[in-house]
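Colleague: Sharing a structure below in structure tokens format, with a few things to ask.
We did not get these values from a lab; they are worked out from the coordinates using the rules stated. This is a predicted model, so every value here is computed, not measured. Positions of Cβ are backbone-derived with ideal geometry, glycine not excepted, and every protein chain shown enters the neighbour counts.
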Protein chains: 2
Amino acid sequence: MPPETNQRIVLAKRPVGWPGPEHFRLEEVPMPVPKAGEVLLKIRYLSLDPYMRGRMNAAKSYAKPVEVDAVMVGGTVAEVIASRHPDYHTGDVVLSYSGWQRFAVCDGTGLRKLDPAAAPVTTALGVLGMPGFTAYAGLLTIGKPKPGETVVVAAASGAVGSVVGQIARIKGARAVGIAGGADKCAFVRDVLGFDAVVDHRSSDFAAQLAAACPEGIDVYFENVGGPIWNAVFPLLNDFARVPVCGLIAQYNDEAPAGPDRLAGMMRQVLTKSLSIRGYIVYEFAAQQDDFYREAAGWIAAGRLRYREDIVDGLETAPKAFIGLLRGANFGKLIVRL
Amino acid sequence: MPPETNQRIVLAKRPVGWPGPEHFRLEEVPMPVPKAGEVLLKIRYLSLDPYMRGRMNAAKSYAKPVEVDAVMVGGTVAEVIASRHPDYHTGDVVLSYSGWQRFAVCDGTGLRKLDPAAAPVTTALGVLGMPGFTAYAGLLTIGKPKPGETVVVAAASGAVGSVVGQIARIKGARAVGIAGGADKCAFVRDVLGFDAVVDHRSSDFAAQLAAACPEGIDVYFENVGGPIWNAVFPLLNDFARVPVCGLIAQYNDEAPAGPDRLAGMMRQVLTKSLSIRGYIVYEFAAQQDDFYREAAGWIAAGRLRYREDIVDGLETAPKAFIGLLRGANFGKLIVRL
């Protein structure tokens, strides 16, 4: 029997700059009741991802903002505990988009059944889910790495970056990771098998990155933004490609001070025939089945590795999310409920 | 008989910021003498183009800098006045890349014979030359305008911009031009037939541009850079394409002051899935024959119009070129020798 109340975390107020605990509120609400055609879900795992910071703003982006006092959005792995939907039965484990709460109802839209025997169900939130597919689609469709080329990715130990570098290597390119701190760098080099890794906290980061890319950079997979640009840009080769997938380092910035780097950036775009291309993974939905098939094969063959950073308890989600924005997590961040 | 001396204009010293007359020097040198396999050219027309400002810098770009004391580079229309080359004869009119001088020798590399009966030979420097092809290749290969989409181009009365907007219309798109001053705006609207034109000198330029693009901007053909970005960027639609062909408004800028617009630009790239792609026309050399054929047909059909701004005398080239960088020309700038 489910409890009589549900717990959820809502957006308490919109942050300006960095979010803090005061921007979230844990509240108890009546237990949702499934209507005809709906299922009742008990959420087991909640994915925490950088894009959620954008949803906390009022500004129009590629998706609607979360309203103040509404539950925070997010991907989840859940168990069906009651069903009035013909396709789902009690005990089914599903990928859903139920947000930061313990229970939810769903009419089946966006649900995908998971096979716990095929892969740990948490991978549906990471390497075999949206982050993995984001890496796959952006790298292969926009980055188009060729054998022998150099691919650079920041947040290289993270959910997206780790997949980018490993697929780059599978495609015959050289993978250079950027990560923060010795532990993450060791993981990127020794476990994920990148060709080189550079610690962006090093005082001579730019020089180290240049040394790690003796033939320049052909693909810079952009998922952080911020000051790392300054080190990457001079190293980009003619006809380099820059898929822009995320900008976590600047999600909390207010109007930045000068000097204005835009003019210099455009000059590089012109003189080096660069391509800079933003994308949201939904654009590439037609490739999703290819991704599942290929990525599952690579995992089975030991060519695609992943690391999860699992924290316990719905109430820890705000703190864990704030830590994610500062790079405190180590691997795909997931809350176990 | 050619004279005993040649006149040429060399780079006297490298400018920092805006070039002035002091950066050029007119000098007399001995008449060049063609060796076996070479032709002697008498230059009739010299093309002045914004890219030449880049060649005055020492910095590596997509082409080698002009050396100090070396003749300024540039496309020319010339007459063969002596030939020791089997393919060229006295009286042939050719497109050559002979630079800012009265006479030159050439071993045939890069020469193309022109047919003065087919089109005015000056068009080989403009609408049927490098500027026209730059417009054609960048708009069609990178911009990819679809019928009904909105294409915006600045310097719309110029050699490249005028062709961009007219080809956009030929392809069924809406062409919105940006130009400086009432005369140029009238020309863009009434002679070139753009759907709308906005004067960037207007105090409410950004509001006027927004009004001229009620359905946003799908293709922004970037050939000026500088402050026009600020008005264009908020209007770009999801999946907009930005071919970057030139940045004349910032060729003479030194390190610009803040605020730093790069972060905001990257945010737009991400949330709107924008494509920004620099190019040099040589990349698309394989399309050149298609261009000549199509553009000649459009000119014959009255669908592709052009305007030339012809000034007289080699000695006027520096002043005319400096004016070009400030937008003082009106149409394709050519020096008649």
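Colleague: Taking chain B as the reference, fit the longest principal axis to its C-alpha atoms, fit the long axis of helix B:262-271 to the helix C-alpha atoms, and give the angle between the two in degrees, 0 to 90, nearest 10.
Modeller: Orientation of helix B:262-271: about 60 degrees from the principal axis.
Colleague: Name the chain A residue with the Cβ nearest the axis that maps A onto B: which is it, and what is the distance in angstrom?
Modeller: A:GLY258, 1
Colleague: Also, I was wondering about something else. For region A:6-58 and region B:203-273, compute the distance between their C-alpha centroids and round to whole Å.
Modeller: Result: 36 Å between the Cα centres.
Colleague: If you don't mind, another one. At q = 0.24, 0.27, 0.32 Å⁻¹, what is the base-10 log of I(q)/I(0) for region B:234-273 according to the Debye formula with one equal point scatterer per Cα and no solvent? Please give it to two decimals.
Modeller: -0.99, -1.04, -1.07
Colleague: Residues in region B:150-191, backbone N under 20 Å from the label point at B:SER203 (7 Å along the Cα-to-beta-carbon vector): list them, ranges by number please.
Modeller: B:179-183
Colleague: Separate question: Cut-off 10 angstrom, C-alpha nodes, Gaussian network model of chain A. Which of A:VAL66, A:VAL160, A:VAL16 fluctuates the most?
Modeller: It is A:VAL16.
Colleague: Ranked highest first by average number of other Cβ atoms within 10 Å, how do A:97-104, A:207-214 line up?
Modeller: Details: A:97-104: 22.5, A:207-214: 16.6.
Order by mean packing, descending: A:97-104, A:207-214.
Colleague: Now for a different question. If we hang a label 7 Å off Cα along the beta carbon direction at B:ALA63, how far is it from the matching labels on the other copies, in nm, shortest first?
Modeller: Reported distances to equivalent positions: 4.8 nm.
Colleague: Also: Using a cut-off of 26 Å between alpha-carbon atoms, which lysines can reach B:LYS319, once sequence neighbours fewer than 8 places away in the same chain are excluded?
Modeller: Of all the lysines, those that pass the test against B:LYS319 - Cα under 26 Å, at least 8 places apart if same chain - are B:LYS13, B:LYS42, B:LYS60, B:LYS64, B:LYS184, B:LYS332.
Colleague: Here's a follow-up. Sorted by mean Cβ packing within 10 Å, highest first, what order do the peptides A:297-308, A:223-234, B:218-229 take? Spell out each step's value before the answer.
Modeller: Values: A:297-308: 15.5, A:223-234: 19.6, B:218-229: 23.8.
Order by mean packing, descending: B:218-229, A:223-234, A:297-308.
Colleague: Based on a Kirkwood Rh over C-alpha pairs, give the Stokes-Einstein translational diffusion coefficient of the protein assembly as shown at 25 °C and viscosity 0.890 mPa s in µm²/s. Could the numbers behind the result be given before it?
Modeller: Details: Rh = 28.0 Å.
Diffusion coefficient, whole number: 88 µm²/s.
Colleague: Mind jotting down a quarter of the surface of the convex hull over the alpha carbons of region B:130-282, in square nanometres, one decimal? Could you put the intermediate results ahead of the total?
Modeller: Numbers: hull surface 35.2 nm².
Answer in nm², one decimal: 8.8.
Colleague: What is the local net charge at B:CYS213, summed over the other residues whose Cβ is closer than 13 Å to its Cβ (Lys, Arg +1; Asp, Glu -1)?
Modeller: On the way: positive: B:ARG174; negative: B:GLU149, B:ASP195, B:GLU215, B:ASP218.
My count for the surroundings of B:CYS213 gives -3.
Colleague: Residues with amide H under 5 Å of B:ARG201's amide H, sequence separation 5 or more or different chain, H placed in the peptide plane at 1.01 Å from N; which?
Modeller: So B:ARG201 has HN proximity to B:GLY181.
Colleague: Output the 0 to 90 degree angle, nearest 10, between the alpha-carbon long axis of helix A:161-170 and the longest principal axis computed from the alpha carbons of chain A.
Modeller: 60
Colleague: What FRET efficiency comes out for the pair A:ALA286/B:GLU4, r = Cβ-Cβ distance, R0 = 60 Å, nearest 0.05? Can you show the working numbers first?
Modeller: Numbers: r = 71 Å, r/R0 = 1.18.
In this case the efficiency is close to 0.25.
Colleague: Using R₀ = 41 Å, calculate the FRET efficiency as 1/(1 + (r/R₀)^6) where r is the Cβ-Cβ separation of A:ARG84 and B:GLU215; round to 0.05. Could you put the intermediate results ahead of the total?
Modeller: Numbers: r = 44 Å, r/R0 = 1.07.
So the FRET efficiency works out to roughly 0.40.
Colleague: Next up: Angle between the Cα long axis of helix B:288-300 and the longest principal axis of chain B, 0 to 90 degrees, nearest 10?
Modeller: Between helix and principal axis, roughly 80 degrees.
Colleague: Can you list the GluC sites (Glu not before Pro) in region B:1-97 that are in a DSSP coil and have 16 or fewer other beta carbons within 10 angstrom?
Modeller: On the way: sites: B:GLU4, B:GLU22, B:GLU27, B:GLU28, B:GLU38, B:GLU67, B:GLU79; in loops: B:GLU4, B:GLU38, B:GLU67.
Sites meeting the loop and neighbour criteria: B:GLU4, B:GLU67.
Colleague: Shortest first and in nm with one decimal, please list how far the A:GLY20 label point sits from its counterparts in the other copies (point 7 Å along Cα→Cβ).
Modeller: Output for A:GLY20: 5.5 nm, nearest copy listed first.
Colleague: Give me Rg/Rg_expected for chain A, where Rg uses Cα atoms only and Rg_expected = 2.2 N^0.38 Å with N residues.
Modeller: Values: Rg = 20.6 Å, N = 337, 2.2 N^0.38 = 20.1 Å.
Its radius of gyration relative to the 2.2 N^0.38 Å reference: 1.02.
Colleague: Let me ask something additional. FRET efficiency for B:ASP238 and A:GLU294, Cβ-Cβ distance as r, R0 = 30 Å, nearest 0.05?
Modeller: Efficiency, from the Cβ-Cβ distance: 0.60.
Colleague: Related question: Let me check the size of region B:179-260 from its C-alpha atoms; what are the radius of gyration and Dmax in Å?
Modeller: Here Rg and the maximum Cα pair distance are 13.5, 39 Å.
Colleague: What ranking do B:LYS13, A:LYS272 get, fewest neighbouring Cβ atoms within 10 angstrom at the top? Kindly include the intermediate steps, with their values, before the conclusion.
Modeller: Working: B:LYS13 13, A:LYS272 19.
By the 10 Å Cβ count, ascending, the order reads B:LYS13, A:LYS272.
Colleague: May I pose another question? Quick query: amide H of A:ASP309 versus all other amide H atoms, modeled in the peptide plane; which residues come in under 5 Å with a sequence gap of 5 or more or a different chain?
Modeller: A:LYS332, A:LEU333, A:ILE334
Colleague: What is the gain in length, in nm to one decimal, between A:THR141 and A:ASP107 on full extension, counting 0.36 nm per residue of separation less the C-alpha to C-alpha distance?
Modeller: On the way: separation 34, 0.36 × 34 = 12.24 nm, distance 3.30 nm.
Length difference between fully extended and current span is 8.9 nm.
Colleague: Sticking with this structure for a sec: Taking B:ALA207 in one copy and the same position in all the others, each labelled 7 Å out along Cα→Cβ, what are the pairwise distances from the first, in nm, shortest first?
Modeller: Nearest first, the other copies' label points are 5.4 nm away.
Colleague: At 7 Å along the Cα-to-beta-carbon direction for both A:LYS60 and B:LEU26, put a label point, then send me their distance in nm to one decimal.
Modeller: With each label point 7 Å from Cα toward Cβ, the separation is 5.6 nm.
Colleague: Measure off 7 Å from each Cα along the Cα-to-Cβ vector at A:LYS319 and B:ALA118, then give the distance between these two points in nanometres to one decimal.
Modeller: Distance between label points: 7.7 nm.
Colleague: Continuing with this model, one more query. Ignore the peptide's own chain and count Cβ atoms of other chains within 10 Å of each Cβ in A:277-287; give me the average, rounded.
Modeller: Working: counts 9, 13, 6, 5, 0, 1, 3, 0, 0, 0, 0.
Shielding by partners across A:277-287 averages 3.
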